[in-house]
Amino acid sequence: MHMTNVYEAYSVINGKQQDGGATTIYNPSNLSEHVGILHDVSSPVVEEATEAAKHAQQAWASLSGLKKGATLENLAVKLEENKEDIATLASSEMGKPIKEMKGEVARGVQLLRYYAAEGSRSDGDVIPAADPQVHQYSKRVPLGVVGVITPWNFPVAIPIWKIAPALICGNAVVWKPAKQAALTASKIMDVFQEVLPAGLINMLIGSGSQLGNTLLEKATIDALSFTGSTATGLHAAAICASRNIKYQTEMGGKNVAVVLDDADLDKTVSAILSGTFTSAGQKCTASSRIVAEKTIMPALKDKLKTAVAELRVGEALDEQNFLGPVSSKDQYEKVNGYISLAKKEANVVAETETIASDQEGYYIQPLIVEGVDANHTLAQEEVFGPFAVLLEAEDFDEAIDIANHTDYGLSASIFTNDLSRSHQFLERSEAGMVRVNLETAGVEFQAPFGGMKMSSSHTREQGQAALEFYSETKTCAIKHNG
Ligand code: NAP
């Protein structure tokens with residue numbers, strides 16, 4: 001067994017590490033490499049974490065916005081200082097290529113700085129009153145303790161895009177990261193603990209169905225921010241609604257890249273490769289349907305065939321590789337189930353030829369297929385792997401119909417130089433994030449992020465939208481007598 005810098009991950013409650021069970025974590029790029037140990041805890045500690053958060057929240061909320069902002073700025077500095085270590089651990093834990101992982105940590109730093117600055121911005125309005133002796137205004141107040149449940153596929157950016165706005169709005173946090181990204185979560189906590197007051201963020205390592213569910217059902221949280229699959233998100237939403245807890249859920253996608261007959265094919269193929277195959281297709285915004293107008297289809301297929309054949313798949317820590325393995329055995333089996341279905345019921349358009357690693361890992365060769373219709377499982381279900389289905393449209397109107405023919409509504413792109421059809425696509429597309437000549441993934445941190453239809457609770461994260469979620473508006477009026 002190969003052991004390199006084995007990292008031990010602990011839950012943190014009120015600033016203290018918690019003992020717990022021990023689960024060994026292996027590197028998905030090299031299954032003989034032991035990366036770390038998770039010391040997971042069980043449900044009874046959830047209330048302890050919530051109590052610690054409640055206590056810390058009161059002192060935190062009483063600080064000025066400027067002081068809170070200064071703390072977030074210090075978190076940004078610490079995260080930046082630890083960028084290499086955090087990125088390396090995350091790549092080794094869940095297989096995201098190191099270049100992408102470094103970019104993700106840098107995104108975390110940007111998010112912390114963006115919300116740090118919010119501490120010095122106005123948080124309400126002066127509202128005219130009917131009586132001139134009344135001074136009326138609105139202000140944002142914190143929600144209290146926010147439960148944060150995160151997935152493994154963006155182990156740094158997603159937790160921070162929830163935690164940073166939650167903190168600047170004056171809340172404390174109980175965070176349950178995915179078990180599959182818990183080494184990275186623990187490392188982030190190590191770094192944050194140097195700056196944060198004890199109890200302001202409490203992080204719990206354990207299973208979703210037990211620990212996560214206890215957080216939803218029993219803990220005295222005031223709000224929940226969840227990102228993960230649609231099935232778990234709907235379950236979380238139902239519990240929060242029954243408790244009248246404010247919630248947001250960001251869930252799955254079946255995102256589309258539409259290619260029109262006038263597209264610049266070289267630029268389009270490059271954007272499609274990035275949108276479909278980076279992170280081994282394990283992005284909620286990954287393109288997993290490519291819809292092309294009939295006339296451009298032959299040329300598009302030729303270019304995809306050549307480009308996909310040459311993609312480099314291999315170990316996540318090798319900077320030469322375009323994509324790494326999928327993150328886990330469960331992912332490997334699930335994605336391979338769809339690949340087998342595709343090989344049986346569809347025709348291969350493009351496939352990567354080799355895996356650039358002699359290690360045993362959860363490697364899957366990128367694949368694009370055609371020959372199924374828009375209702376097929378492969379065109380409807382989220383695969384969450386290096387896979388896309390190519391669908392043909394007679395014309396622009398049919399392309400839009402196919403693009404919208406999904407229960408999901410997260411992200412949609414079109415590739416064209418036609419201004420009028422670009423605008424029509426932006427208007428008619430049933431997705432929360434719509435883009436022209438840009439890949440489906442990659443919406444920037446200062447812009448609202450979220451989906452329509454079954455992709456979200458119709459709330460938005462990031463940018464100013466997050467401040468709406470992590471605070472409540474209080475309307476104040478005072479009459480000057482005399
Ligand atoms: P998941 O299985 O739904 O898990 C998400 C989180 O929920 C994990 O922390 C998980 O814990 C926890 N969990 C599981 N069951 C739970 C329960 N009964 N009660 C409370 N918590 C529970 O999703 P995933 O596989 O980690 O992530 C992949 C999915 O996330 C994909 O569908 C992807 O599209 C979606 N995603 C969406 C966005 C977006 O912004 N729309 C962004 C990224 C990912 P454990 O893992 O420890 O069991």
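Read the figures in this text as sums done on the coordinates, not as results from a lab. Just so we're clear, the structure is a prediction, and the values are computed from it rather than from any experiment. Every residue, glycine among them, receives a Cβ derived from its backbone with ideal geometry; neighbour counts consider all protein chains shown.
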**Fill in**
Cβ-Cβ cut-off under 13 Å around Gly442, Lys and Arg +1, Asp and Glu -1: the net charge is -1
**Prompt:** Among 169-182, 299-312, how do they line up from the highest to the lowest mean number of other beta-carbon atoms within 10 Å?
**Reply:** 169-182, 299-312
**Request:** Assign one of three labels to the stretch 282-329, namely rounded, prolate or oblate, based on the Cα gyration tensor with a ≥ b ≥ c the square roots of its eigenvalues; rounded applies when a/c is under 1.5, prolate when it is not and a/b is larger than b/c, and oblate otherwise.
**Result:** oblate
**Mean projected area (nm²) of the alpha-carbon convex hull when the stretch 331-482 is viewed from all directions** = 15.0 nm²
**Request:** Determine the distance separating the Cα centre of the stretch 304-331 from the Cα centre of the stretch 129-179; give it in Å without decimals.
**Result:** 36 Å
**Item:** Distance from the stretch 417-482 to the stretch 332-389 (C-alpha centre basis), Å
**Value:** 32 Å
**Prompt:** Kirkwood-based Rg over Rh for the stretch 255-444 (C-alpha set), two decimals?
**Reply:** 0.95
**Prompt:** Taking R0 as 25 Å, what's the FRET efficiency between Val6 and Lys218 from their Cβ-Cβ distance, rounded to 0.05?
**Reply:** 0.15
**Item:** FRET efficiency, Lys479 to Thr354 (Cβ-Cβ, R0 56 Å, nearest 0.05)
**Value:** 0.15
**Item:** Too-long pairs where the Cα-Cα distance tops 20 Å, listed order kept, from Lys54/Lys218; Lys102/Lys187; Lys162/Lys187; Lys99/Lys334; Lys246/Lys474
**Value:** Lys99/Lys334
**Fill in**
Under the 7 Å Cα-to-Cβ spin-label approximation, Glu430 and Gln320 lie apart by a distance in nanometres of 4.6 nm
**Message:** Let me spell out the model: positive unit charges on the Cβ of Lys and Arg, negative unit charges on the Cβ of Asp and Glu, origin at the Cα centre of the chain. What dipole size does that give, in debye rounded to 20?
**Reply:** 1540 debye
**Prompt:** So what's the gap between the Cα centers of the stretch 214-264 and the stretch 90-106, to the nearest angstrom?
**Reply:** 24 Å
**Item:** Computed label-point distance, nm, for sites Val134 and Lys305 using a 7 Å Cα→Cβ extension
**Value:** 7.4 nm
**Message:** Rounded to the nearest angstrom and ordered from largest down, what semi-axes does the equivalent ellipsoid of the chain get from its C-alpha gyration tensor (root of 5λ)?
**Reply:** 39, 29, 19
**Item:** Residue-count net charge about Gln320 - beta-carbon cut-off 14 Å; Lys, Arg +1, Asp, Glu -1
**Value:** -3
**Prompt:** For the chain, what is the mean residue ellipticity at 222 nm derived from helices alone (per DSSP H run of n ≥ 4: -39500 (n - 2.57); sum divided by total residues; nearest 500 deg cm²/dmol)?
**Reply:** -11500 deg cm²/dmol
**Asked** Summing +1 for each Lys or Arg and -1 for each Asp or Glu, what net charge is found among the other residues whose Cβ lies under 13 Å from the Cβ of Asn336?
**Response** +2
**Request:** Provide Rg over Rh for the stretch 146-278; use the alpha carbon set for both Rg and the Kirkwood Rh (inverse mean inverse pair distance).
**Result:** 1.08
**Prompt:** If one takes the longest principal axis of the Cα atoms in the chain, at what angle in degrees, from 0 to 90 and to the nearest 10, does the Cα axis of helix 83-94 lie?
**Reply:** 60 degrees
